[in-house]
Amino acid sequence: MANKQTGYDFWRNVLHNPKYVAAPMVDMSELSFRMLCRHHGSQLCYSPMLHSLQFSQDFLYRKDNFSTCFEDRPLIVQFCANDPEVFINAAHMLSSECEAIDLNLGCPQAIAKKGYYGSFLQDDWDIIRSMVQKASYELPIPVTCKMRILPGHYKKSVEYAKMLEHSGCSVLTVHGRTREQKGHATGLASWEVIKEIKANTDIPVIANGNILTFDDVQNCLKYTGADAVMSAEALLHNPALFSGENLPVWKIVEEYLQLADKYNTPIKCVRCHLFKILYLCIYQDDELRKILTEGSTLKDFYSIIEILKKFPDKVNHATESVSFEQEPDLGNFFESANPDFQESAGRNVLELKTSCIANDNEHKFCDQTVKRNSALSDANENFISEMNARNENNSEATAPVLDDTFKYLPIWICHSRPRIAINEKSRGCFSKYFDSTSEKQR
Ligand SMILES: Cc1cc2nc3c(=O)[nH]c(=O)nc-3n(C[C@H](O)[C@H](O)[C@H](O)COP(=O)(O)O)c2cc1C
């Protein structure tokens with residue numbers, strides 16, 4: 001198709017050089033969440049994966065699974081497909097509502113195996129080639145791909161990426177984990193392989209995997225040389241991840257509820273997001289947990305905000321005598337709230353630009369940058385060994401000890417979820433702060 005910008009022209013002139021990208025997430029990267037992320041630093045968003053055959057045939061599926069609005073741009077809509085005609089038919093239906101169409105080559109779930117799509121196509125380059133070629137030729141907007149790396153030598157992944165580029169892929173997202181790295185085996189993503197792919201291709205590359213903090217985002221850009229970083233799980237816990245801020249959790253909840261109201265988000269979806277955003281708070285307050293599990297309207301969920309505003313007071317009194325009011329220096333607060341932390345200059349400095357709330361329910365912005373010298377990775381190593389020892393002594397699955405996480409970061413402030421135990425059943429992310437081997441692996 002003539003007059004279509006592709007590759008870096010598209011990246012610069014249409015997408016405006018985004019660095020911070022909100023990932024495609026089935027059931028979770030819906031319009032209201034995308035808008036929340038956009039308000040807090042995400043510069044490009046992906047829709048959840050849509051099934052191309054169902055999308056092109058079923059009006060109800062379309063109605064239930066995709067919505068957008070004027071401000072929801074730039075947007076890339078993702079489809080799974082294994083047939084060029086079907087892929088293009090579905091893509092045509094949304095080509096005026098987004099900047100590009102993405103082909104999902106990463107889904108590792110059993111359902112993708114059954115339907116023969118996502119990462120299960122990576123063994124069949126002919127099908128992939130035919131879909132990408134046809135789409136890049138026939139669609140009025142560019143086609144992009146999201147791949148996983150391949151097992152074995154990095155050169156195989158580079159060859160795969162080059163095949164996608166030569167087939168007409170305009171932007172490539174590389175999730176630095178293999179198809180096998182899922183569930184318990186999720187582990188670390190390889191930034192090495194992403195770096196090699198970036199160095200050996202001439203299209204924009206988005207790096208994905210191992211992002212927990214804003215520091216990770218910058219480190220990933222620097223290490224891989226990628227054009228942008230994509231985050232999924234960490235954004236679910238801290239939708240303001242890409243702003244570099246850790247806002248009070250009630251503010252994020254309030255804003256998300258307003259957006260959910262505006263865009264008619266199904267209550268089931270709202271609940272899922274609140275569980276993610278409040279992943280630490282729910283263990284601290286019975287009433288909050290009850291509302292989250294039993295609430296059936298947005299009004300029910302709005303009542304959570306007042307509970308959350310009281311959290312600093314409640315938790316401080318319950319656990320420590322220190323509060324922000326008494327101790328406005330957040331650096332000191334962290335040290336005193338967690339006496340295990342030792343200063344170790346020059347190592348893994350975690351910057352928390354924190355806007356905190358005070359005890360009287362009025363939010364006061366302390367807006368200081370706290371350099372909390374970590375020790376966080378040492379503390380986490382100790383914690384992981386402790387968890388392992390506990391698990392060895394107890395054949396029953398041990399629940400993650402959230403009190404221990406609470407020691408590291410205040411729970412009423414939005415931050416990404418650390419993967420606190422090796423055997424935790426989370427797709428989670430795994431940043432350098434939480435794994436002693438990651439430095440060696442990079
Ligand atoms: C709830 C959830 C839903 C996801 N759905 C999709 C999807 O629809 N399409 C896709 O390509 N990847 C999907 N993924 C994978 C993410 O986009 C991302 O590649 C993966 O989670 C690794 O990034 P992270 O370490 O930042 O979480 C999903 C991940 C999560 C946590």
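The values are calculated or read from the model by the stated rules, or taken from the named source; none is laboratory data. The structure presented is a predicted model; accordingly, all values stated were derived computationally and were not measured. Here the Cβ positions follow ideal geometry from the backbone for every residue, glycine too, while neighbour counts run over all protein chains shown.
Conditions (1) in contact with a His (Cβ under 8 Å, 6 or more places away or on another chain); (2) not polar (S, T, N, Q), marked per residue:
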position	(1), (2)
Ala23	no, yes
Phe33	yes, yes
Thr68	no, no
Glu71	no, yes
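Is there a residue in region 159-168 that is touching a residue at least 60 places away in the same chain (Cβ under 8 Å) and of a type outside the set (S, T, N, Q)? Scanning region 159-168 turns up at least one residue that is touching a residue at least 60 places away in the same chain (Cβ under 8 Å) and of a type outside the set (S, T, N, Q).
Looking only at residues in region 193-218 that are at pLDDT below 95, within 12 Å of the ligand (Cβ to nearest atom) and not in a loop (DSSP other than H, G, I, E, B), the one that is nearest to Trp11 (Cα to Cα) is Val217.
Tally up the residues in region 268-279 that are part of a loop (DSSP other than H, G, I, E, B) and more than 17 Å from the chain's Cα centre (by Cα), please.
Final tally of qualifying residues: 0.
The one condition from (1) within 29 Å of Leu212 (Cβ to Cβ); (2) of a type in the set (Ser, Thr, Tyr); (3) free of Cβ contacts under 8 Å to residues at least 24 places away in the same chain that Tyr61 does not meet is (1). What about Leu298, is it over 21 Å from Ser416 (Cα atoms) and surrounded by fewer than 18 Cβ atoms within 10 Å (Cβ to Cβ)? Here the answer is yes, as Leu298 does meet what is asked. Scanning region 1-45 for residues that are among the aliphatic types (A, V, I, L, M), buried (at least 21 other Cβ atoms within 10 Å of the Cβ) and not in a helix (DSSP H, G or I) gives Leu15, Val21, Ala22, Ala23, Leu44. Restricting region 12-39 to residues that are more than 17 Å from Val77 (Cβ to Cβ) and away from the ligand (no atom under 16 Å from the Cβ) leaves a set whose member that is nearest to the chain's Cα centre (by Cα) is His39.
Just give me the residues in region 234-257 being surrounded by fewer than 21 Cβ atoms within 10 Å (Cβ to Cβ) and within 17 Å of the chain's Cα centre (by Cα), in sequence order. Result: Ser243, Gly244, Glu245.
Has region 82-89 got any residue that is at pLDDT 95 or above, more than 11 Å from the ligand (Cβ to nearest atom) and under 25 Å from the mean Cα position of the chain (by Cα)? Within region 82-89, none of the residues are at pLDDT 95 or above, more than 11 Å from the ligand (Cβ to nearest atom) and under 25 Å from the mean Cα position of the chain (by Cα). Within region 129-186, the set of residues being among the hydrophobic types (A, V, I, L, M, F, W, C) and assigned to a helix (DSSP H, G or I) comprises Met131, Val132, Ala135, Val158, Ala161, Met163, Leu164, Ala185. Can you find a residue that is more than 22 Å from the chain's Cα centre (by Cα), closer than 30 Å to Ser67 by Cβ and either modelled with pLDDT under 95 or among the aromatic types (Phe, Trp, Tyr) (or both) anywhere in region 153-174? Looking through region 153-174, none of the residues is more than 22 Å from the chain's Cα centre (by Cα), closer than 30 Å to Ser67 by Cβ and either modelled with pLDDT under 95 or among the aromatic types (Phe, Trp, Tyr) (or both).
Here Asp124 passes the criteria (1) surrounded by fewer than 21 Cβ atoms within 10 Å (Cβ to Cβ); (2) closer than 14 Å to Leu105 by Cβ; (3) touching a helix residue (DSSP H, G or I) at 6+ places or on another chain (Cβ under 6 Å) except the one numbered (3).
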